[in-house]
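Colleague: The following block contains the structure, expressed as structure tokens.
Here, each number is a calculation from the coordinates, and none is a lab measurement. The shown structure was predicted, so the numbers you read here are calculated from the model rather than taken from an experiment. Virtual Cβ from ideal backbone geometry, glycine too; neighbours counted across all protein chains shown.
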Amino acid sequence: MATLPGGFNDKISSVRILGAVVMAAKLPWTQVRDMFTAKLANLLGAQLNHITITFPSQGSILKLGQTYTVRWTSFGVRGNVKIVIKRTSGETYVIAPSAPNNGSCACTIPLNANPSKVGLMGSGASTHYSLTISSLDGSIKGTVILFQVIKP
């Protein structure tokens with residue numbers, strides 16, 4: 001076997017050993033999957049579980065009362081997800097309390113998220129929001145910040 005930099009040979013051997021132990025123990029698949037994912041994350045020093053929001057993106061401009069398809073990718077998230085928008089002034093609006101974790105959800109920007117309520121002056125008043133998609137238990141989150149919501 002060729003020698004790999006950074007001690008990866010030892011890491012690859014560790015994964016092979018884990019596979020042999022799992023085969024010998026005849027563990028259920030779900031337990032094998034969880035053990036392998038945890039071991040791989042530990043060996044590579046990576047956080048495997050994540051949610052990445054692809055729309056809206058930073059700088060997007062959305063309109064009150066309009067429906068948009070929120071899009072995301074995820075790994076390691078089991079079950080449904082919660083989608084929340086939050087105004088920079090602190091108000092929070094749950095726009096999907098339990099959406100299927102399939103990468104997209106039609107969500108309506110609530111009319112009570114009215115940007116004029118924050119006291120910005122001038123026509124076309126707007127404010128900045130963030131959107132968070134999380135596992136229902138809140139342990140895995142993805143957030144996009146600073147998009148705008150304007151009056152239609």
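Colleague: Count of lysine pairs in region 50-150 with Cα atoms under 20 Å apart, counting only pairs 8 or more residues apart in sequence or on different chains? Please report the intermediate quantities before stating the final value.
Modeller: Working: K63/K86; K63/K117; K82/K141; K86/K117; K86/K141.
For region 50-150, qualifying lysine pairs total 5.
Colleague: Would you mind getting me the FRET efficiency between N49 and I150? Use the beta-carbon distance for r and R0 = 41 Å, nearest 0.05.
Modeller: Details: r = 34 Å, r/R0 = 0.84.
Using R0 = 41 Å, I get an efficiency of 0.75.
Colleague: Further, regarding this structure: Could you order the peptides 96-108, 69-81 from most to least packed, using the average number of other C-beta atoms within 10 Å per residue?
Modeller: 69-81, 96-108
Colleague: So, one more: Taking H placed 1.01 Å from N in the peptide plane, check which residues at least 5 places from A96 or on another chain put their amide H under 5 Å from its amide H.
Modeller: I83
Colleague: Let me check I've understood the local charge: for Q148, count other residues with C-beta under 14 angstrom from its C-beta, Lys and Arg +1, Asp and Glu -1. What total comes out?
Modeller: Local charge sum for Q148: +4.
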